[in-house]
Amino acid sequence: MSVTEITSAEEFRKVVLESQTPVVVDFNADWCGPCQMLRPKIEKLAEGGAKIASVNIDELDDLAEEYEVASIPCLVKFAGGKEIDRKVGLLPEKKVAKFVEDTMVGSDEAEVEEA
Amino acid sequence: MDYDVAIIGAGAAGLTAAIYAVRAGKKTAVFEKLVAGGQIVNTPKISNYPGTPGISGAAWSQALEKQASDLGAEMIYDEVLQLEQVDNGFKLSTEDESYTARTVIVATGLNERKMEVPGEAKFIGRGVSFCATCDGSFYKDKTVAVVGGGNTALSDALYLSDLAKKVYLVHRRAEFRGEFALQEKIKTRKNVELVLGYMPIEVVGDKRVTGLKIREREGTLEKTLGVDGIFVAVGKIPSNQLIADLVELDEAGYAITDDKCGTKTPGLFVAGDGRVKELRQLVTATADGAVAASSAIDFLA
């Protein structure tokens, strides 16, 4: 699995809000250096099975505003259409991995929800 | 011993040290708790580093990390929590692992100084920011405060004055420490209001920041500035906690080294912004990295 690039509010609703399993959204921008440095780690985790979507806050500024993202990088975890947790700023790789853990397809939670 | 050279911190100094150490045939590891590059990743455009005008800090950092790891430096993304001397070298401990190395180069740099007032920590990412160029665009047509009086505070205020409706520049002294040219520029910005002689005492808000409470430095007058965002630019502090017992530190916490980056502990070197020196720039950080690596290589000979 790779990181899903969200290109519209409609896609955000489908991929994130209506997801049956938890999803982590990476709010970022092209000009944000720390976001660029975080990106390869996010991609690696997505390839490892984590469900991660990316929102460019310049292209989808309404979403950034709606979820009160005021500093990036910002990782927001959604479950059942609602925010359940967030991490702002750069994090150690291990903590990012832990944060996205319950979005893993095959994690206990995911299996229960998919059953 | 696991490594000949263990480097703590993958910023400009640490990664440059890694390049020199691996090219000298030394088994080298670089420990990094966050991401490669360090402070420079926040710089959108590097203008004063020789040979790469205009490159972004992130692109430069990625290239440097790739250079070091392609040459054979091992990148370990983990935080070193303890550094101690053992027979013939050092032991580095992370949360779950420990490693040994014959020499250690500490290149942990600087961290942002906080205002240390109530509400600050709670609102980081919800109105409190330490990086105007990172977060400024969230404040288009809004009101913000910049706290500080040095070059960073002045450039932040200038940068934000192009985006925000209004910028308060709050500084505890009557005069700024920053460059004269920046001060002159600030005066020409109609939407920048100087709030001098005041210090921050509380960040106010509910879900997000709504204000900054300030108090006269030599008085008792208090007031609250209604702001949507607060940019903190009150300086930086060296991240030398790890080596406090192994290295002489000056009053501000910077490591005192000789001109070869050596410390009072044989085999332990400090490179980059965290040591006492005149100029803290990318070019002096990389220079330190080369010097420290060369000292470590000599020590191993």
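Structure values in brief
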read-out: Accessible surface, 1.4 Å probe, highest first, among residues B:135, A:102; value: A:102, B:135
read-out: Most to least packed among B:162-168, B:231-237 [average Cβ atoms within 10 Å]; value: B:231-237, B:162-168
read-out: Net charge over other residues, Cβ less than 9 angstrom from the Cβ of residue A:77 (K, R count +1; D, E count -1); value: -1
read-out: Protein accessible surface hidden between A and B, which excludes ligands and nucleic acids, total in Å², probe 1.4 Å; value: 2000 Å²
read-out: Accessible area in square angstrom per residue, chain B, 1.4 angstrom probe; value: 47 Å²
read-out: Surface accessible to a 1.4 Å probe, residue B:130 within the full protein complex, Å²; value: 50 Å²
read-out: Shielding score for B:123-135, defined as the mean number of other chain Cβ atoms within 10 Å; value: 5
read-out: Net charge, residue B:100 excluded, C-beta distance under 12 Å - Lys, Arg +1, Asp, Glu -1; value: -2
read-out: The stretch B:180-226: GluC sites (Glu not before Pro) in DSSP loop, at most 10 other beta carbons within 10 Å; value: B:218
read-out: Residue of B:33, B:66, B:190 that the Gaussian network model of chain B assigns the largest fluctuation, springs spanning Cα pairs under 10 Å; value: B:190
read-out: Calculated from backbone phi, Karplus (6.51, -1.76, 1.60) coupling profile of the stretch A:14-25 in Hz, x at Gly/Pro; value: 5, 6, 9, 5, 9, 5, 7, 10, x, 9, 9, 9
read-out: Rounded to 5, the percent of DSSP beta bridges in chain B classed as antiparallel; value: 45 percent
read-out: Fluctuation leader among B:160, B:268, B:225 - chain B, Gaussian network, Cα springs under 10 angstrom; value: B:225
read-out: Charge context of residue B:260, other residues only, Cβ under 12 angstrom, K/R +1, D/E -1; value: -3
read-out: Test item: Cα-centred dipole of chain B, Lys/Arg +1 and Asp/Glu -1 on Cβ, debye; value: 1320 debye
read-out: Partnerless cysteines, meaning none of the other Cys C-beta atoms lie under 4.7 Å away, in chain B; value: B:261
read-out: Principal-axis tilt of helix B:57-71 within chain B, Cα atoms, nearest 10 degrees; value: 10 degrees
read-out: Residue B:99 - accessible surface, heavy atoms, 1.4 Å probe, Å² rounded to 10; value: 40 Å²
read-out: Theoretical gain in end-to-end length, residue B:162 to residue B:256 [0.36 nm per residue, Cα-Cα removed]; value: 29.8 nm
read-out: Accessible surface of residue B:60 - all protein chains present, 1.4 Å probe, nearest 10 Å²; value: 20 Å²
read-out: Accessible area in the full protein assembly, largest first, 1.4 Å probe, for B:208, B:173, B:275; value: B:173, B:208, B:275
read-out: Cβ neighbours within 10 Å from other chains - mean over A:25-32; value: 3
read-out: Candidate residues A:101, A:83, A:93, A:59: accessible-area rank, largest first, probe 1.4 Å; value: A:59, A:101, A:83, A:93
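The values are calculated or read from the model by the stated rules, or taken from the named source; none is laboratory data. Predicted model only: the values in this text are computed from it and were never measured. Positions of Cβ are backbone-derived with ideal geometry, glycine not excepted, and every protein chain shown enters the neighbour counts. These accessible areas exclude ligands, DNA and RNA; they are computed on the full protein's heavy atoms, side chains included. Shrake-Rupley method; radii C 1.70, N 1.55, O 1.52, S 1.80 Å.
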